[in-house]
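J.: The structure under discussion is supplied below as structure tokens; questions concerning it will follow.
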Amino acid sequence: MRIGVITFPGSLDDRDARRAVRAAGAEDVALWHGDHDLSGVDALVLPGGFSYGDYLRCGAIASLSPIMNEVVDAANKGMPVLGICNGFQMLAEAHLLPGGLIRNDHGAFIRRDQHLRVENTATAWTNGFTAGQQIVIPLKNGEGEYVASAETIERLEGDGRVAFRYLGVNPNGSINDIAGVTNERGNVVGLMPHPEHATEPGFGPDTRAAMRSGVDGLTFFTSAIAALQAA
Amino acid sequence: MTEPVNQPPANRQQGTAPEASAAPVASGLDTVENAAATPDKEQPYATLGLKDDEYARIREILGRRPTSGELAMYSVMWSEHCSYKSSKKYLRQFGQKVTPEMKKNLMVGIGENAGVVDVGEGWAVTFKVESHNHPSYIEPFQGAATGVGGIVRDIISMGARPVAVMDQLRFGKIDEPDTARVVHGVVGGISFYGNCLGLPNIGGETYFDPVYQGNPLVNALSVGVLRHEDLHLANASGVGNKVVLFGARTGGDGIGGASILASDTFASGGPTKRPAVQVGDPFAEKVLIECCLELFAEKLVEGIQDLGAAGISCATSELASNGDGGMYISLDDVLLRDPTLTAEEILMSESQERMMAVVTPEKLDAFLAVTAKWDVETSVLGEVTDTGRLIIDWHGERIVDVDPRTVAVDGPVYDRPVAYPAWIDALQASSASTLARPDGTTESGTAELRDQFLALVGSPNLADKSWITNQYDYYVGGNTALSFPDDGGMIRVDEGSGLGFAIATDANGRYGQLDPRQAARLALAEAYRNVAVTGAVPAAVTDCLNFGSPENPEVMWQFSEAVEGLSDACLELGIPVTGGNVSFYNQTGATPIFPTTVAGVLGVIDDVARRIPSGWQDAGDNIYLLGTTREELDGSAWAGTVHGHLGGRPPVVDLDAERRLAELLRAGSLESLVGSAHDLSDGGLAQALAESVLRFGVGARVWLSEIVERDGVDVATALFSESTGRVIVSVPREDDVKFRGLCDGRGYPVLRIGVTDAAVGEQPVLEVQDVFTVGLEELRASHQATLAEHFGPVVGQGAAQEYYTPGA
């Protein structure tokens, strides 16, 4: 199983996402934004960071990168695609996911260990969770407030396409505490928190068991592998 | 050897660089020829920050007056900030007070962009702390942001991948209206730049004191890692090699930042110095980092230097001085953001995100291919020569012709007057021992101790700093093993073996005012201890020396004391200083800041899995206090917070004991006997207990009776004294015998003072037996309220559990 991670100018968590892919048992493939080549990967991760310095709008310039043509085609054909933070912003800019991300309501960058509830376990990236499962995933962003039109929100909620909801604390003012969403087909998922930073014991969020031992993020990647194996 | 001007670099327009013989007057340029012909021309050297005798010396070196371009170069390079002219005499001690043993693991010492330490397994770590104080007061956001950017470029210049940052911040009084402006700007700037670079921010310090009101301190530290073979140095060797400028374009920002801003005090009513502050673009720097690392990996670079203070003037003169001694530069080939810039402005501009490399002609195409891949603009400016001259042409005329060493190396050195401050005896005579201390044996006394404890926990300097640190990403990179609020930050270097480093910085300006020599020793001892409590072995030191004006003899006395104290202490502990920074002219009007000597200690740990956190994680562990407590309240947080007092002598430091304590902690870590370890410093035992509870929300029951009895101190002293060489550790019950044996075997004083997991009902508490009990919620509320009250709410603060995972 080969999962590609695309590096854009200004990507920051690309190496971390590749490490998470390996931790889940897949082969990681480094992809470059300027290429028109997905190297035959089975799934894709658009990692976090500040592509193009967040100039214009977060993810807006990167969503026009050469490789995005191939990403959109692959997504439309059903390839599992995960957008994390800046990657989520790119997927929204590329219209693979509805809505948009704006400046946090409190105006500042925030980094915290964020509690989430898994709302949809039918997607390619969440099938390993149980419905309603509570997980802890690190969050770190300046522009993470999820916004969409009232009709879009109604449709997303009606179709069960809210994948994750913030639990306990809404860290950025997102509508309906939405932390992540999926497309209709369930192969494309985007969220603001960073699952790749909760995949290795010793380097994740704190848990009751031990400091920095949280690995809830690993299930995102093992879910994708399971989805590919089932397909 | 052909004159290089006859062999213009490949991309330069032919015909733009004829022999420098065009009529100087016609072009309006101040050429070398023109300078020789018009010796009496008035030059604005004083406005550029040069003194009369310095200007005279430049004329003597050149045998004529300098051109305006040369004057620009000398003025920035001979500034205090770049030349260390007042401090050089003292800084030599750092290089002299070393033993061969201390140098054993030092790959690069003082003098390069940053020191490099061999950490084993073929890995090396480079680190350095630098000041960006004055820009951060004028324009806090950009000042602090570019402070991070500058130190990170120093790290890249060594051939390393930057992997972490830290900041040492000192602001004015927390409730002065202007403090909020500076705090919001500085923290926002660090957050913006550091997060956007993808560098985990893993620690630092934040203090508030009126003495920094008109002159905050913003020190930035960065750490990088590299394989031994990737080490790069800043020298221009190999005649005919190309000199390449790449990164952001050169603009009109930061002109004269090193001279007129960093090397002067703020005067009220003068013209704004805002144009002297640089403006940062972290995206450009992030791309530059990745581009440089690819250039290093493909071995396309012979020598490299970042452009920081003094910009092109610094990079060209330093590269040439450290190499074959000569360089030819065509200034017309500098890519400009603003085409109206003059040659002098181009030479002095401190535009950010630029690097200068020396590249062999054969590798130039490959070099340009890599910079093109990263969309990094690049221009070939000239080449290395062996003429011993740095020659710069502009519009076909020669505007600079100097020996680069006279610019970069052989600048002025001052032996400034030194005077023992007349006021210091009276200050030292005013001991905190005369201040009223509550009687811990009476009911009213214990109630007062409880109030004082909570007042300290919520005092600006000891309060929770989440308002700041929540704006920093410590996850990025995936290698952060420890970060704030633990005593030291820790980063994994090798994913296979777990090899890593720990780093901590400390400084205490209040101690500095009482005794700058002792304060420097204390800062080093504390940083050393903070690294030791993580389980790492202290290995090397960086420092940032923040002082007032060197033209004030009392400040020079403070400085000389601090440098002697720090260099002696490094020798005693056997860890070398690998580099650092001096920042003078930190004062408002005639009032200098407290002497603030920041010591940063780097430690090595063979496997980060062994790391020790600073807070209690498990129930039923025994709590031990290592070290003894003396009545040392002079300069303490208690004296400052409770009594508004500063006087007396700072605590005693026993560096031999500190070393034995570090060895003891390492042994405990190796045998996995230690569940947590927290050093005692500001606020003493009381603050350490509070932080140990707050770290993971685990309570404790503690008794002071044995400390009181053994050390002959009262309850208040046991709680608030800042005696050194002390650490509290928690030890699982089953390891108790082994741990006591370890301490006894090493002869280090140890007392069991408590047990973890006290609770009243459901709520964890800190119970200090027979003195007071404070519930976790009240403790947390006191700790967290202060910064939120002054700077705004902290997201999620007050919400349920931060630590416990539901359903886990």
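The values are calculated or read from the model by the stated rules, or taken from the named source; none is laboratory data. A quick note: this is a predicted structure, and the numbers were derived from the prediction, not measured. Because the Cβ atoms are built from the backbone with ideal geometry, glycine has one as well, and the counts that use them run over all protein chains shown. For accessibility, only protein heavy atoms count, side chains too; no ligands or nucleic acids. Shrake-Rupley method; radii C 1.70, N 1.55, O 1.52, S 1.80 Å.
J.: Once a ≥ b ≥ c are taken as the square roots of the eigenvalues of the Cα gyration tensor of region B:487-591, is the result rounded (a/c under 1.5), prolate (a/b larger than b/c) or oblate (a/b not larger than b/c)?
T.: It comes out prolate by the Cα gyration axes.
J.: Among B:G189, B:I605, B:S330, whose Cα lies farthest out toward the positive end of the dipole of chain B, if unit charges sit on the beta carbon of Lys, Arg (+1) and Asp, Glu (-1)?
T.: Farthest along the dipole direction, towards plus: B:S330.
J.: Using the Cα centre of chain B as origin and beta-carbon charges of +1 (Lys, Arg) and -1 (Asp, Glu), tell me which of B:N241, B:V380, B:G214 is placed farthest towards the positive end of the dipole.
T.: Going by the Cα projections, it comes out as B:N241.
J.: 7 Å from Cα along Cα→Cβ at both B:E734 and B:E176: what's the point-to-point distance in nm?
T.: 5.6
J.: While we're on this one: For the protein assembly as shown, just say rounded, prolate or oblate: build the C-alpha gyration tensor, square-root its eigenvalues into a ≥ b ≥ c, call rounded for a/c under 1.5, and beyond that prolate if a/b exceeds b/c, oblate if not.
T.: The shape class here is oblate.
J.: Antiparallel as a % of all DSSP beta bridges within the protein assembly as shown, to the nearest 5?
T.: 75
J.: Once amide H atoms are placed 1.01 Å from N in the peptide plane, what residues at a sequence separation of 5 or more from B:V582, or on another chain, have their amide H within under 5 Å of its amide H?
T.: Correct list: B:L545.
J.: In the neighborhood of B:D714, defined by Cβ-to-Cβ distances under 9 Å, what is the net charge if each Lys or Arg adds +1 and each Asp or Glu adds -1?
T.: Here the count lands on -1.
J.: Between rounded, prolate and oblate, where does region A:2-230 land on the alpha carbon gyration tensor, with a ≥ b ≥ c its root eigenvalues, rounded for a/c under 1.5, else prolate if a/b exceeds b/c?
T.: Here region A:2-230 falls in the rounded category.
J.: How far is helix B:311-322 tilted off the main Cα axis of chain B, in degrees rounded to 10, range 0 to 90?
T.: So the inclination is approximately 90 degrees.
J.: Compute the FRET efficiency between B:K88 and B:A366 as 1/(1 + (r/R0)^6), taking r as their Cβ-Cβ distance and R0 = 45 Å, and round to the nearest 0.05.
T.: Calculated value: 0.65.
J.: If you don't mind, there's one more thing I want to ask. Using only Cα atoms, find the angle between the long axis of helix B:68-77 and the longest principal axis of chain B, and express it within 0 to 90 degrees, rounded to the nearest 10.
T.: 20
J.: Share of chain B's accessible area from carbon and sulfur, percent, 1.4 Å?
T.: Carbon plus sulfur share of accessible area: 50 percent.
J.: Relative to the longest principal Cα axis of chain B, at what angle does helix B:364-373 sit, 0 to 90 degrees, rounded to 10?
T.: Rounded to the nearest ten degrees, it is 50.
J.: How many Cβ atoms of partner chains, on average, are near each residue of A:211-218 if near means within 10 Å of its Cβ?
T.: 3
J.: Just the number, please: percent antiparallel of the DSSP beta bridges in region A:2-230, rounded to the nearest 5.
T.: Around 55 percent of the beta bridges assigned by DSSP in region A:2-230 are antiparallel ones.
J.: Moving on to the next point. Report the full-extension gain for the segment A:S39 to A:Y55: residue separation times 0.36 nm, less the Cα-Cα distance, to one decimal in nm.
T.: Answer, rounded to one decimal: 2.9 nm.
J.: Please compute, for peptide B:473-486, the average count of beta-carbon atoms on other protein chains lying within 10 Å of each residue's beta-carbon.
T.: Partner Cβ neighbours, averaged per residue: 6.
J.: Additional query: Dipole size in debye (nearest 20) for chain B around its Cα centre, Lys and Arg Cβ +1, Asp and Glu Cβ -1?
T.: So the dipole magnitude of chain B works out to roughly 460 debye.
J.: Taking the Cβ-Cβ separation of A:E184 and A:M1 as r and a Förster radius of 22 Å, what is the calculated FRET efficiency to the nearest 0.05?
T.: Taking R0 as 22 Å, the efficiency between A:E184 and A:M1 is 0.35.
J.: Roughly how much accessible area, to the nearest 100 Å², goes out of reach of solvent when A and B pair up, both sides summed, probe 1.4 Å?
T.: Counting protein atoms only, the buried area is about 3800 Å².
J.: Once the dipole of chain B is set up with Lys and Arg at +1 and Asp and Glu at -1 on Cβ about the Cα centre, which of B:T773, B:A619, B:S560 lies farthest towards its positive end?
T.: B:S560
J.: Something else about it: I'd like the carbon and sulfur percentage of the solvent accessible area for region A:2-230, probe radius 1.4 Å, heavy atoms only, ligands and nucleic acids excluded.
T.: 47
J.: Next question, about the same structure. Separation between the B:D439 and A:R155 pseudo-spin-labels, each 7 Å from Cα along Cα→Cβ, expressed in nm?
T.: Here the modelled spin labels are 7.8 nm apart.
J.: A further question on this structure: How large is the accessible surface of B:W703 in square angstrom, using a 1.4 angstrom probe and rounding to the nearest 10?
T.: Solvent-accessible area, nearest 10 Å²: 30 Å².
J.: Looking only at region B:589-629, which residues have a backbone nitrogen under 11 Å from a spot 7 Å from the Cα of B:D757 in the C-beta direction?
T.: Flagged as within label range: B:617-622.
J.: While we're on this one: With a cut-off of 8 Å between alpha carbons and a minimum separation of six or more residues, what is the relative contact order of chain A in percent?
T.: 20
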